[in-house]
Structure formats: structure tokens, C-alpha cells
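A quick write-up on the structure given underneath.
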Amino acid sequence: MSSENKQSLGGLTLAAIGVVYGDIGTSPLYTLRECLSGQFGFGVEREAVFGFLSLIFWLLVLVVSLKYISYVMRADNAGEGGILTLMSLAGRNTTGRATAVLVIMGLIGGSFFYGEVVITPAISVMSAIEGLEIAAPSLDPFIVPLSIAVLTLLFVIQKHGTGIVGKLFAPVMLLWFLVLAVLGVSGIMKNPDVLQSLNPAHAAHFFLHYKTISFFALGAVVLAITGVEALYADMGHFGKVPIRLAWFSVVLPSLVLNYFGQGALLLSDPAAIKNPFFLLAPEWALIPLLILATLATVIASQAVISGVFSLTRQAVRLGYLPGMRIIHTSEMESGQIYIPTINWVLYFAVLIVIISFEHSSNLAAAYGIAVTGTMVLTTFLSCTVALKNWHWQKLAVGLILLLLLCIDVPLFTANLIKIFSGGWLPLCLGLVMFIIMTTWKSERFRLLRRLHEHGNSLEAMIASLEKIHRYGFRAQRCICRVH
């Protein structure tokens, strides 16, 4: 029996690598390049490289490992995760006014996630197809059609369930993370000094050295942790243990090694900033790496697709969205579901975004603002759960809240400058979802209240319908007799 459990745990862990970590796992393709591209007024300088590497490492440790993996994932409702679950848990032991505030925060966070979900598949798939231009520049006119074709295939296979999809994607993503680690180690061995960036003092020195512009640079650093909210939302698909095991054993070490390998390369050759990820590989491996990276970026969108299925089911259960067909795709995991309506609405929304923006670079500015906004709201809700549901000491919860806000608020504020250059897109999409959810909930509540006001609402309604049917039947008979 124990061997079967171990086999099951191993299979779920492998599937989690394929589904949950696709988004955050492809961040090394562009994060360090965006950080040091010169858009913030400085280039590939030693202080900047050390500072960004230190910030990226400690964000992965503090935000992903400690906040989400170790702390927020403790809050689950029958194994389900996501910000709406957190909202529901937080409002169980609070006053009416406090509950109303928590509900609004949860709905805003859920709306942010819907807004980001439309962007992630579009930018992931488009960046994958655009990568083919390195081998064949003539493919530029075919970027949009090829992206649509790949996305269509991706959304079509969703009906087979995240378990099957995870098994298909898992070997590719496992190979991807192993390649990230190998490339990173090869770069670090050529310049081991880069390991000094593990010291958080370099992050502090980065802010002291570059002053104001270092704050705005946080908007690029956050690219290293996009996908973290989907990680929590996907908890119901695979469970806590497989997700945690996958992160600490495979994903985190591979990401850190690759980021530091790129940093080592840049310290030796600043000109490599044009594409430090691919230049980290030997020349003979460029084409195979390009193919693998293309597959990995396509897979990256799976994390948010499965996450939005979980979020939608929670919204339906809580009465914020109308009932819809939910298909369970696994006999073992109740969280593995497929929602046809959401799948195809999301598909057409992503197509509209791709056709409108045409290139992934046009979407890059929209990335991050919804993620960091959700992170701030998650902090408040999770601390409320810790205080009211887990009965932690007020001082301990207050210290946790202060520490998390010191990380989340600067990241969110730094991303606010993106509003006019694309950040408006997830905000507008989120606003639409917020209006839909609040309207459905309020109108549903008004209907139930009206029925209750009539007393014995269900019986009265049935009697009324029977009366109408009886009179209608008599009238129909009279008409027939006349004729």
C-alpha cells in the first residue's frame, strides 16, 4: 500500500511540474534581460547584476517558498486553494462589516486573476512563436496565425483533464528544468564570484546605489514570480504535498542556478545582454534549446488555465457566478476539473488579445500589475485567516502582515507605472469580472429575499405555478370547445 502511495505521490509531483510551474518556470527566458536592458537608466554593471540576482533570489525565497508554499497554502477548503477560498475562510469568524470588506477584497483579487489569465496564454504562446524568428526571420507574418493554431490545440485538449494534460507536459517541463540547471551550473563554474549575490546585502546596496530608479526596476524583477497565484489556485488539482515537493526538489534549485548562470555570463561578457538565456548555451545546442523553450512557453499557459477552472468552481459554489457544467476528469483527485464554458470564453478572449496586440512585446507592459495586486490582497486575507481561524497570536500575525506588506506594496506600486502602457488591459478585464460577480450575487440575493418575504417561499411559488397551470389548462379547453 505504501509503495502505491509513493507511486501516486511521484506521479502527482511530476504532473504538478508539468501544469503548476509552467509560468514561473519560463521566466528565465526574459526576466534578467528585461532587468538589465537599459530601460531604467543603467546597463550591465557589476552592482546592477549583483543587485538584481540578489533581489530575484530573495523574492523566490520570501514570496514563493515562504509566503505561498509554506504559509498561504495552509489555508484550504477541502483541499481547494485560490483567493476566493481564502476569502470564504477569512469571513467565517468576523463581524458583518469586516466580512463585507473581506468579500470585496476577495472578489477584486479573483477579478485580477481573471484579468491576468487572458494575458498569460497570449504572451506565452506568442513569445514561443516569435522565438522561431531566430532560425527563420521570414516567419514574422505568420506569428499571429501560428499562435492561434497552437492555442486552439491547447484549449481543445483541456477536455481530457489536467491529469492527462499534466502527464503529457510533465516530461517536457522536467527536461526543461534539468536543462536550466545544467546551463546555470556551466555558467557559474566559469565565474563563481556570482554566488556572492546570495548575500541580501547586495540587494540593499542596489537600492542605495541607484536610489529612485531602483524602485521602478522592481517592476521588472516581479517577472521572476509571475504565476505564483496560479500555484495556489492549482492546489486542488494536485494537493499540497506534490506541489511543495516539486518546488523544493526541482523547480527552485533549477531557477536559481539558471539565473545565477546568466548573471555569471553577463559579468564576463556584458554584450550577452541581447539574449543571456540562449547565449548561455553552447552554439551546437541553440536549435534544440530553442525547440525546448518553445514547447515550455506553450506549456506555461496551462498553469493559469487550470487555475481559472478552480477559481470558477469556487465562484459558482459561493454564488458569485451562475451554475455551469463542471466535468470531473479524475477518479482520484476531486480538484481535477474541466469547465467547457470557461474554457471557450477564455479561448476567444485570448484570441482577441493576440489579434489586437500582434506581438508579445506589446503585452509585456501589461504583465505584473494584476499579479502584484492579488499578492497584496492575499496577504490581508491570509493574515485574517491566521488570526480568526487558526487563532495565532496577534503579535505574530501583525509581524507577518508587516513583513509581507513590506514586500508586496513596493512591488505593486512599482508596477502602477505600467497602467498607461498596457497595464490597463488586466484592470479592465478584472473590472468586467468584478461587475459580473457582484451583480449576480446581489440579484440572486434580492430574488431569494423576495421569495422569503412571501412566506413559505418554495411552497407558495409551487402553489402559484400550479394555479397558473390549472387556469391555463381550463382556458385552453374552452378555446378548443369554441372552435
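Out of the residues in segment 4-44 that are open to solvent by 30 Å² or more (accessible area, probe 1.4 Å) and of a type in the set (D, E), which is farthest from S310 (Cα to Cα)?
In this case the residue turns out to be E34.
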Legend entry - Residues being modelled with pLDDT under 85 and polar (S, T, N, Q) - total across segment 27-54: 2
Legend entry - From the options P145, P141, residue that is open to solvent by 10 Å² or more (accessible area, probe 1.4 Å), closer than 23 Å to Y347 by Cα and at pLDDT 80 or above: P145
Legend entry - Filter result (modelled with pLDDT of 85 or more and either touching a Pro at 6+ places or on another chain (Cβ under 8 Å) or among the charged types (D, E, K, R) (or both)) within segment 71-87: R74
Inset, instruction - Give the number of residues within segment 62-113 that are open to solvent by 40 Å² or more (accessible area, probe 1.4 Å) and under 26 Å from S254 (Cα atoms). - result: 4
Inset, instruction - For T99, state whether it is of a type in the set (V, I, T), modelled with pLDDT under 85 and assigned to a helix (DSSP H, G or I). - result: no
Inset, instruction - Please verify whether segment 155-177 includes one or more residues that are at pLDDT 85 or above, in a helix (DSSP H, G or I) and small (G, A, S). - result: no
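The values are calculated or read from the model by the stated rules, or taken from the named source; none is laboratory data. Computed from a predicted structure; not experimentally measured. No Cβ is skipped: glycine too gets one built from the backbone with ideal geometry, and neighbour counts run over all protein chains shown. The area values use the complete protein model at the heavy-atom level, side chains included, leaving out ligands, DNA and RNA. Shrake-Rupley method; radii C 1.70, N 1.55, O 1.52, S 1.80 Å.
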